[in-house]
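Q: Quick one: this structure, given as structure tokens, is what I'll be asking you about.
The values are calculated or read from the model by the stated rules, or taken from the named source; none is laboratory data. What you see is a predicted model; the values in this text were computed from it and never measured. Using ideal geometry, Cβ is built from the backbone for each residue, glycine included, and neighbour counts are taken over all protein chains shown. Areas reflect the complete protein model, heavy atoms only, side chains present, ligands, DNA and RNA absent. Shrake-Rupley method; radii C 1.70, N 1.55, O 1.52, S 1.80 Å.
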Amino acid sequence: NGDIIAIVSLPAFNNNLFARGISQEEYSFLINHPDNPLFNRSISGEFPSGSTIKPVMGIAALEEGVITENTYFYSTGGIGIGQWFFPDWKAGGHGRTNIRKAIAESVNTFFIGGYYENFSVLGLVRMVNHMEDFGLGSQLGVDLAGESSGLLPNRAWKEELKGEPWYIGDTYHMAIGQGDVLVTPLQVANFTSAFANNGKLYRPHLIRMVLDSNDQVIKTMDSSPVKENFLDDYNIQVIKEGMRQTVTQGSAIAMSDAPVDIAGKTGTAQWSSQKENHAWFTGFAPYDEPEMVLTVLIEEGGEGSAVAVPIAKEAFTWY
């Protein structure tokens, strides 16, 4: 329903320093610290989404009729387009793949053109339109200062900023959450909640109600959806089944023995040729009657399946 149960950003700082009145020396230490502990990465950090975006791309293709749940592609390890090669992470490929398996095993080639030979492609404009439907590229309106919008690039943006035309490879990179797409962890949690909620989006918020000095309720925050009925119910179910399969037999199988049934998506986001990838997991539980969405990002953590999944599993297990 948009209630933020917990929000964590590390490296952190002792906020009791501000409660008692922070000294200039203490404040200077925080603002000059190389790890930037005052920067709230959860709402202000902008990162490539990696494969966490694939449920959004998958339902966009279903909604537009580009694919159906029975569209199959044979993954052989990658797709070559001219001089460029777009690989799958699994050597030799993933074999016969539909949308559920493509989400569960994070099959890149299904999303970047696995069906381009026999079907109309989704294309940049429709991709961006659907990502905007899920709140990407704009602030969500959380009741905290400093929320970032992220970035949804397009042809005009690239031509103006980089002085380069938009290439088909840019579209393929966008389809798997690489390239210039930037999201906040809060945005990823929010679009994940749309699947958990069967197509309802809420404004994330920390404040539930405002009380007076006698603890009487002055105001209750509006908890109605900001968007609903923008996705087909059956298409949502197909994507949810793919996210469940991610945990039962896909890239998040390490959490399959958790004491609650979880659905989700892993992500490994490339952003530098010199530094480690960012590690993502986003998901919800219990699968049949979801209570909570959980999104984990480890900057320069490596593989989402190896680094973010164990943290998410521990949190879901504790909950």
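Q: Just to be sure I understand the filter: pairs with C-beta atoms under 6 Å, separated by 6 or more residues or on different chains, first member in the range 46-75 and more than 25 Å from L186 (Cβ to Cβ) and acidic (D, E), second member open to solvent by 10 Å² or more (accessible area, probe 1.4 Å) and assigned to a helix (DSSP H, G or I). Which pairs pass?
A: Listed pairs, sorted by first residue: E64/R126.
Q: Which pairs have Cβ atoms under 8 Å, sit 6 or more apart or on different chains, and link a residue in the range 124-139 that is farther than 17 Å from I67 by Cα and part of a loop (DSSP other than H, G, I, E, B) to one that is open to solvent by 10 Å² or more (accessible area, probe 1.4 Å) and of a type in the set (D, E)?
A: Close Cβ pairs satisfying both conditions: S138/E132; Q139/E147.
Q: Another one. Mind checking whether some residue in the range 235-247 is open to solvent by 40 Å² or more (accessible area, probe 1.4 Å) and among the hydrophobic types (A, V, I, L, M, F, W, C)?
A: No.
Q: Let me ask something else. Output the qualifying pairs, or none if there are none: Cβ atoms under 6 angstrom, residues six or more apart or on different chains, first residue in the range 1-29 and under 14 Å from H205 (Cα atoms), second residue open to solvent by less than 50 Å² (accessible area, probe 1.4 Å) and not in a strand (DSSP E or B).
A: Partner pairs satisfying both residue conditions: N1/Y202; G2/Y202; G2/P204; I4/P204; I7/S42.
Q: How about the range 150-198: which of its residues are in a loop (DSSP other than H, G, I, E, B), more than 30 Å from P286 (Cβ to Cβ) and not aromatic (F, W, Y)?
A: L152, P153, N154, G163, E164, P165, Q178, G179, D180, V181 - these are the residues of the range 150-198 that are in a loop (DSSP other than H, G, I, E, B), more than 30 Å from P286 (Cβ to Cβ) and not aromatic (F, W, Y).
Q: Among E164, E132, E105, which is of a type in the set (D, E) and exposed (fewer than 12 other Cβ atoms within 10 Å of the Cβ)?
A: Numbers: E132 fails: exposed (fewer than 12 other Cβ atoms within 10 Å of the Cβ); E105 fails: exposed (fewer than 12 other Cβ atoms within 10 Å of the Cβ).
Answer to the check: E164.
Q: Quick test of your reading of the structure: T76 fulfils all but one of (1) among the hydroxyl-bearing types (S, T, Y); (2) open to solvent by 40 Å² or more (accessible area, probe 1.4 Å); (3) under 28 Å from F195 (Cα atoms); (4) more than 23 Å from the chain's Cα centre (by Cα). Name the failing condition by number.
A: (3)
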